[in-house]
Amino acid sequence: MNTEKQGQTRSNTLGAVISYLSPMGWSYFITGVQQPQRQKCNETVMLQNFPVCRKGFEENMQKVDPNQWCNLTEFIMYYESFSKCTEGKALGNGCFWPNSLAEEFITGIHKHFFSNCTSDKVTWEDPPDAILTSLILIPVCLMAAMIFLVVWFSKRGDVFG
């Protein structure tokens, strides 16, 4: 009878804990921090707010010489500010960041400012024949000399005792 009572008490306690945790979710139970309700992503408002970020970035980029637009060290602070702005606008509207719409917007900025910043492809060429021949023959000759020395010293047992 006593164990039956303990079982009921445990069951009631477990029910109380579950009902207590349900509105807050298991993340509260694990982390001790109540997670705010995630609002639904409002893509329309997010896209309407992105031009504010574009305008700020364009104003900042006017301070940079256009010949330096491909030099990341010249505008990295402005780009970081732009990136944080788009992230804030996305998260503020309940959207993940980056998302496909934000990516599309950022790609448009890249096309506008950085379209001429493609890196030149390096084309490898063979060295001149004289250098190439020496680079091949020197290791071959060294290897032949080492083989000769090993064979010569192995035949002369008196050198090493």
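Derivation of every value follows stated rules applied to the coordinates shown; laboratory data play no part. All values reported here derive from a predicted model rather than from experimental measurement. Cβ atoms come from the backbone with ideal geometry, glycine included; neighbour counts cover every protein chain shown.
Please go through the range 59-138 and write out the GluC sites (Glu not before Pro) that DSSP classes as loop and that have at most 10 other C-beta atoms within 10 Å.
In loop regions of the range 59-138 (DSSP not H, G, I, E or B), the sparsely surrounded GluC sites (Glu not before Pro) are 125.
Loop only by DSSP, 10 or fewer other Cβ within 10 Å of the Cβ. Give me the trypsin sites (Lys or Arg not before Pro) in the range 68-139 that pass, ordered by residue number.
Those that pass, being in a loop and sparsely packed, are 121.
Quickly work out the residue 141-to-residue 71 label distance, labels modelled 7 Å from Cα along the C-beta direction, and quote it in nm with one decimal.
My value for the distance between the label points is 4.7 nm.
Take the Cα pairs of the range 43-114, get the Kirkwood Rh, then feed it into Stokes-Einstein at 10 °C and 1.306 mPa s and tell me D in µm²/s.
It comes out at roughly 128 µm²/s.
Based on the Cβ-Cβ distance of residue 130 and residue 152, what FRET efficiency does E = 1/(1 + (r/R0)^6) give at R0 = 30 Å, to the nearest 0.05?
The calculated FRET efficiency here is 0.40.
Please report, for the Cα atoms of the range 81-161, the Rg to one decimal and the Dmax as a whole number; what are they, in angstrom?
31.8, 88
Looking at the range 101-161, which chymotrypsin sites (Phe, Trp or Tyr not before Pro) are in a loop (DSSP not H, G, I, E or B) and have at most 11 other Cβ atoms within 10 Å?
124, 160
Per 0.36 nm of contour for each residue apart, how much would the distance between residue 116 and residue 39 grow if the chain were fully extended, relative to their Cα-Cα spacing?
23.8 nm
Treat each spin label as a single point 7 Å out from the Cα along the C-beta direction, and report the residue 101 to residue 83 distance in nm.
Between residue 101 and residue 83, the label points sit 2.2 nm apart.
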